[in-house]
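This report concerns only the one structure given below.
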């Protein structure tokens, strides 16, 4: 397990912890922020979060029973509604999937999903047990590949178009 300790203390993992924590703290305090500041923050942090997720090292988990989720459905809904209420009609957008089907997406849904995975990662990583930290890193890496990584790409596209379409309109 010495090897796992060095993985947990690696720059890649600690950077992920820092960025994920900052993302969660910001997302939990949207009420006091204006939309352009929210969009600007996400425009910058989401690519960083994606990069940090892509750089997470593989880790062997010694005790899978320690793995757990913390964000409840109610907590997820609070984040979802906070984001959705900020963006109103701008929250919804269309996305073309791999089958070229148009799917209606929600910025609030994507960001709340990312938040849930990041918050669960942070809370499990804070557990002092080595096995908890192993599970946190392993699960974060797995969910990057299957869940929140894709949601970042969808959300970032919408954020980019919203920021720059707004700026074009303001310049006219």
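The values are calculated or read from the model by the stated rules, or taken from the named source; none is laboratory data. Worth saying up front: this structure is predicted, and the values here are computed from it rather than measured. Cβ placement follows ideal geometry from the backbone for every residue including glycine, while neighbour counts extend to all protein chains displayed.
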query = How many residues are surrounded by fewer than 18 Cβ atoms within 10 Å (Cβ to Cβ) and either free of Cβ contacts under 8 Å to residues at least 24 places away in the same chain or under 12 Å from the mean Cα position of the chain (by Cα) (or both) when one looks only at segment 20-32?
reply = 6
request  = Name, by its number, the condition in (1) under 30 Å from residue 129 (Cα atoms); (2) within 15 Å of the chain's Cα centre (by Cα); (3) buried (at least 18 other Cβ atoms within 10 Å of the Cβ) that does not hold for residue 51.
outcome  = (3)
query = Are any of the residues in segment 55-77 over 16 Å from the mean Cα position of the chain (by Cα), assigned to a strand (DSSP E or B), over 17 Å from residue 135 (Cα atoms) and without any contact (Cβ under 8 Å) to a residue 12 or more places away in the chain?
reply = no
request  = For segment 84-122, name all the residues that are farther than 15 Å from residue 152 by Cα, more than 14 Å from the chain's Cα centre (by Cα) and in a helix (DSSP H, G or I).
outcome  = 84, 85, 86, 87, 88, 89, 90
message = So, residue 15, is that one out of contact with any helix residue (DSSP H, G or I) (no Cβ under 6 Å at 6 or more places or on another chain), within 19 Å of residue 149 (Cβ to Cβ), surrounded by 15 or more Cβ atoms within 10 Å (Cβ to Cβ) and modelled with pLDDT of 95 or more or not?
response = no
inquiry  = Can you find a residue that is touching a strand residue (DSSP E or B) at 6+ places or on another chain (Cβ under 8 Å) and in contact (Cβ under 8 Å) with a residue 24 or more places away in the chain anywhere in segment 109-131?
reply    = no
